[in-house]
Amino acid sequence: MNVNIHEDYQSMSKAAANLVARRIISRPDLVLGLPTGDTPKGFYRELIDFYEAGLLDFSKVTTFNLDEYYPLSRDNPISFTNYMYERFFNHVNVSQNKIHIPDGETDRVADECQDYEEMIAEEGGLDLTVLGIGENGHIGYNEPGSKLGSKTRLVELSEESIVREVPGNYDGIINKALTMGVKTIMNSRKLALLASGPRKANVIHDALEGPVTGDVPASILQLHPEVTVILDREAAGDLDGGELMV
Ligand code: PGA
């Protein structure tokens with residue numbers, strides 16, 4: 001694992017955008033896995049800046065989002081679909097037909113999950129997947145207890161995730177999500193894990209320096225050959241190692 005520690009949230013976000021930009025420039029038809037959440041908001045802003053400056057062209061890039069709440073209309077303001085359009089897709093030139101997000105409206109869950117895996121495979125697999133991390137160690141919505149072999153599927157959200165992440169009005173209404181599995185993520189050729197702020201320090205220590213265990217799904221990333229971890233100082237606060245980037 002390559003662990004890079006940046007001064008603050010902004011420099012962490014820039015580093016994540018630089019990493020993705022380098023990959024797109026060297027491979028314009030990159031197949032890119034994408035996260036939602038608070039952490040990547042700055043990363044998306046930086047990518048938009050690159051696009052607006054004429055430095056990046058997303059027209060051949062294919063994207064697959066990690067997860068979506070279920071059941072939920074894609075037009076609902078709290079959907080990850082809405083997040084992705086508002087924060088990224090409406091501002092860059094990713095082709096509409098190259099955007100993939102699990103369908104939170106489907107009534108054919110098993111087919112949807114299998115189709116999602118097949119669409120990733122048809123694109124030749126994920127080249128690079130950008131990940132956040134939950135305070136309980138989840139990646140995508142692979143909650144503690146997830147198996148290394150898990151693929152895209154419907155999962156129950158943990159109480160912790162519901163309280164921390166599902167917006168207040170939907171607490172108790174939304175308790176499931178469709179998520180890429182741990183195996184789907186581990187099959188990505190490269191991974192970038194982003195974390196920011198003191199609330200993530202403990203789980204970043206456990207995920208990077210603790211034992212590999214399904215109880216901390218992000219710890220499984222220790223077994224992946226090409227992971228870049230991009231942290232700010234606060235998220236790195238409990239680590240023994242890591243390289244400080246200046
Ligand atoms: P956050 O979520 O960026 O909002 O902290 C991260 C995650 O749950 O993956």
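Near residue 200: Cβ cut-off under 12 Å, other residues only, Lys/Arg at +1 and Asp/Glu at -1. The net charge is -3.
Tally Lys/Arg at +1 and Asp/Glu at -1 over every other residue whose Cβ is under 13 Å from the Cβ of residue 75; what's the total? Cβ neighbours under 13 Å give a net charge of -3. In nm, to one decimal, how far is the modelled label at residue 148 from the one at residue 18, with both set 7 Å along Cα→Cβ? Inter-label distance under the simple model: 3.4 nm. Residue 129 sits among other residues whose Cβ lies under 13 Å from its own Cβ, and their net charge, with Lys and Arg +1 and Asp and Glu -1, is 0. Of the GluC sites (Glu not before Pro) found in region 1-82, those in coil by DSSP whose Cβ has at most 16 other Cβ atoms within 10 Å are 7. Bridges between two residues of region 2-245, per DSSP, are antiparallel at a rate of about 25%.
At the residue level, residue 186 shows approximately 40 square angstrom of accessible surface with a 1.4 angstrom probe and all protein chains present.
So what's the back-of-envelope 222 nm ellipticity for the chain, counting only DSSP H runs of four-plus at -39500 (n - 2.57) apiece and dividing by all residues, rounded to 500?
Working: 7 runs with 73 residues, N = 246.
Here the helix-only value at 222 nm equals -9000 deg cm²/dmol.
If the segment from residue 118 to residue 93 were pulled out straight at 0.36 nm per residue, it would be longer than the present Cα-Cα gap by 6.6 nm. For the chain, relative contact order (Cα pairs under 8 Å, six or more residues apart, normalised by length) works out to 27 percent.
Potential lengthening of the chain between residue 111 and residue 215 amounts to 34.7 nm, from the contour at 0.36 nm per residue minus the alpha-carbon distance. Split the accessible area of the chain by element, probe 1.4 Å, and carbon with sulfur accounts for 46%. Per-residue accessible area (protein heavy atoms, 1.4 Å probe) orders 234, 160 as 234, 160, starting from the largest. Using the alpha-carbon centroid of each, what span in Å lies between region 124-199 and region 74-91? With region 124-199 and region 74-91 each reduced to a Cα centre, they are spaced 18 Å.
The Rg/Rh ratio of the chain, with both radii computed over alpha carbons and Rh defined as the Kirkwood radius, is 0.93.
The values are calculated or read from the model by the stated rules, or taken from the named source; none is laboratory data. Owing to the predicted nature of the structure, the values given are computational and were not obtained by experimental measurement. When we count neighbours, we look across all protein chains shown, and the Cβ atoms used for this are built from the backbone with ideal geometry, even at glycine. Note: accessible area is taken over every heavy atom of the protein model, side chains too, but ligands, DNA and RNA are not part of it. Shrake-Rupley method; radii C 1.70, N 1.55, O 1.52, S 1.80 Å.
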